[in-house]
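Notes for the one structure printed next.
The values are calculated or read from the model by the stated rules, or taken from the named source; none is laboratory data. Remember, predicted model here, so these are calculated numbers, not experimental data. Positions of Cβ are backbone-derived with ideal geometry, glycine not excepted, and every protein chain shown enters the neighbour counts.
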Amino acid sequence: MVLTGAEIVIRCLQEEKVDYVFGYPGGAVLFIYDALFQQEKVRHVLVRHEQAAIHAADAYARSTESVGVALVTSGPGATNAVTGIATAYCDSIPMVIISGQVPTAAIGQDAFQEVDTVGITRPCVKHNFLVKDVADIASTIKKAFHLAKTGRPGPVLVDIPKDVSAQRAEYHYPKSVEMRSYNPVVKGHQGQIKKALKLLLEAKRPMIYTGGGVILSDAAKPLTKLVRKLGMPITNTLMGLGGYPATDKQYLGMPGMHGTYEANMSMHFSDVLLAIGARFDDRVIGDPNHFAAEPRKIIHIDIDPSSISKRVKVDVPIVGDVKDVLEELIRLLDENTQKQDTDALATWWKQIDEWRSRDCMKYKNSDEIIKPQYVIEKLWEVTGGEAFITSDVGQHQMWAAQYYKFDKPRRWLNSGGLGTMGVGMPYAMGAQLAHPDAQVACVTGEASIQMNIQELSTCKQFRLPIKICNLNNRYLGMVRQWQELFHGGRYAESYMDSLPDFAKLAESYGHIGIRVDRPGDVEGALREAFSRKKDLVFLDFQIDQTENVYPMVQGGKGLTEMILSAEDL
Amino acid sequence: MRHVIALLIENESGALSRVSGLFSARGYNIESLTVAPTEDASLSRMTIVTTGSDDIIEQITKQLNKLVDVVKVVDISESAHIERELMLIKVRATGKDREEMKRMADIFRGRIIDATDSSYVIELTGNQTKLDSFIGAIDTTLILETVRSGIVGIGRGDRILKL
């Protein structure tokens, strides 16, 4: 069958069972939009800014097991997309981005809306392609999807010049992909897995630390099974929340810069640390030298060999798909005859419970002024812990991560690696489209939300009943917190002046806006919002301006050097 | 430590910038980098000379392997190997310097591949040290122009880097 390049693109998306493409049209992609218009299988979501298209497609992928797809035009379309692509790259999210390019003959001529998209995106994609021959479109898109979702996932960009999308070629979608240069290891090495199990069973102070890799590999079930069998303490990183049920007693809370006292102390003083799909990020272990100073054996399971021994030296590396390796560990554990050191484990739990009794997450609530932690606690109650929660970046992100107890994977969507302000609302859009009947809330702040506020319009057009919980403290809260603690209280440009009336702003887009000033009204407002199943509700909580996120490990400090509360200062 | 990394990469446009971009983005050193297609035109072979601690070299090879276009990576300096570099050097060759320059070229087993009445172009191959020694041995004020190819390297004996 002979089709145009544009038709081939759409046929490929159909073959990949793509439900939604998030995008924004422009000159270089007109043929592709024309082909999109003439079919009904792949639906298009018109955003108001390309950055939001990438974020929404990214969230679609994060909240499901599928690949997110976005479509943007050349030049500014592509450059607007870059922040979104980098965000997905840093969190290893499977995505395919199709960008239009100026016609082949115009490439390099400084044509209108021309940029070197492949060059600009190279450092923030897993891979990218410039398709110069219409006959290569189908095989390239097949490769793009294959690369995006296998191995360590990531965004893949396919740049298609306008003339290529207009030319015709015989259409054939390959069934499989063979790439001699790309063969990610899936199965873990048997000998290494056995070694790991032996170490774990001998451990006196074991600790399990898991990250986004558990979510990406859909390994929450085998992880939970293994951790329960072993009876060991576990912590989930910011990217790994929901990998293990947060309400379970073996769960110690999140580790790291704003992690719990018990999680950080257990990480640091463990004698065997099992890291799964995590990467010893600077926000998780603090100063790597301080961390390495305490002797312990580290087992590290990861699909990406370059993640292993990158920041800390690993004793037992296991390269492989997390789910695969965990299932193998469970199988070996069931066959195992070696006795676990349960006495030592009981002593270790006693120590952990002592750390736990510090109750590091307590905060002083108030009848006068809304505390952000209280809003998140109520959000958790009102949604029964079942909602998809997206966040932007800053204090509100940390409070959401700390106080919303995620029991399931893929329910927590945030920009963990790049820390991109403005992801919150587009993430909620993508999650809501993927799960039309689910409760979706965006926890944000008055600064972050303004970075993609235009998407209120998209939400109206596509009737997305997301609930926006704006923790409004009239400050770039996290910046203000660092300035208060480390810059002598000189609040350089961290205030947010001349704010809009968010409730009215939401109303002007045709949504419902509610301003909440008093703690007593928080729960009622949340219940009201979630009872409106068809409406987007913008809750503008006026919160305590001086509240800080604790516990805190200052950047560059050791993991155990925690400030637990304002009283510690 | 100095390491010589050899790799096979799909011979596609942009392949070189993926490798050089990786080095600059992650702050790794490149002392020299050479690239050309192999007997199989779909594959290019690169030789990269770099320096770094063992940990850094381990990361470099892992990160190179992670590039989708890279087919194989070997640190050939880990075992017996041969390194060669080509240098073309244009020198002033007049009066008594003319005979002296010819003599030096002979000693280093170089060849004069272009001669005018006032200059020679000498072709010299060898490892880095040999080329450095040649430059050190002649009167540097006579050097008009130097071009060096960067190192190419290959493992000795049975050590073969092929698909």
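For the reader, a short list of remarks on this structure follows.
- Any hit, region B:109-131, residues being exposed (fewer than 13 other Cβ atoms within 10 Å of the Cβ), in a helix (DSSP H, G or I), touching a residue at least 12 places away in the same chain (Cβ under 8 Å) and not polar (S, T, N, Q): no
- Elements of type helices (runs of 4 or more DSSP H) in region A:365-478, at least 1 residues being over 25 Å from A:Met239 (Cβ atoms) and in contact with a Pro (Cβ under 9 Å, 6 or more places away or on another chain): A:372-382, A:455-461
- Residue check for A:Asp136: assigned to a strand (DSSP E or B), of a type in the set (Asp, Glu) and within 14 Å of chain B (Cβ to nearest Cβ): no
- Looking at region B:1-76, the strands (runs of 3 or more DSSP E) lying wholly inside it that each contain 3 or more residues that are away from chain A (no Cβ under 14 Å) sit at B:2-10, B:32-37, B:43-51.
Table: residues versus (1) assigned to a helix (DSSP H, G or I); (2) buried (at least 24 other Cβ atoms within 10 Å of the Cβ).
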site: A:Ile85; (1), (2): yes, yes
site: A:Val96; (1), (2): no, yes
site: A:Gly108; (1), (2): no, no
site: A:Ala111; (1), (2): no, no
site: A:Ile120; (1), (2): yes, no
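- Cβ-Cβ contacts under 7 Å between residues 6 or more apart (or on different chains), taken from a first residue in region A:169-185 that is farther than 18 Å from A:Val9 by Cβ and within 14 Å of chain B (Cβ to nearest Cβ) to a second residue that is of a type outside the set (Val, Ile, Thr) and assigned to a loop (DSSP other than H, G, I, E, B), are listed as A:Arg180/B:Leu163; A:Ser181/B:Asp69; A:Pro184/A:Gly151; A:Val185/A:Gly320.
- Residue check for B:Ala93: more than 21 Å from A:Ser181 (Cβ to Cβ), hydrophobic (A, V, I, L, M, F, W, C), more than 14 Å from every other protein chain (Cβ to nearest Cβ) and in contact with a strand residue (DSSP E or B) (Cβ under 8 Å, 6 or more places away or on another chain): yes
- Only a single criterion out of (1) under 23 Å from the mean Cα position of the chain (by Cα); (2) surrounded by fewer than 16 Cβ atoms within 10 Å (Cβ to Cβ) is not satisfied by A:Thr383, namely (2).
- A:Gly286 vs. criteria over 21 Å from A:Leu199 (Cβ atoms) and touching a strand residue (DSSP E or B) at 6+ places or on another chain (Cβ under 6 Å): yes
- Test: residue in region A:521-540 that is under 23 Å from A:Ala70 (Cα atoms) and assigned to a helix (DSSP H, G or I): no
- Helices (runs of 4 or more DSSP H) wholly inside region A:195-314 containing at least 2 residues that are away from chain B (no Cβ under 14 Å) and surrounded by fewer than 20 Cβ atoms within 10 Å (Cβ to Cβ): A:220-230, A:282-285, A:288-293
- Restricting A:Ile308, A:Ile301 to residues that are touching a residue at least 60 places away in the same chain (Cβ under 8 Å) and hydrophobic (A, V, I, L, M, F, W, C) narrows the list to A:Ile301.
- Among the candidates A:Gly510, A:Gly555, A:Gly488, the residue that is part of a loop (DSSP other than H, G, I, E, B) and outside the structural domain of A:His435 (by TED's automatic domain parsing) is uniquely A:Gly555.
- Subset of region A:139-168 (residues that are of a type outside the set (A, V, I, L, M) and farther than 19 Å from A:Ile93 by Cβ): A:Ser139, A:Thr140, A:Lys142, A:Asp159, A:Pro161, A:Lys162, A:Asp163, A:Ser165, A:Gln167, A:Arg168
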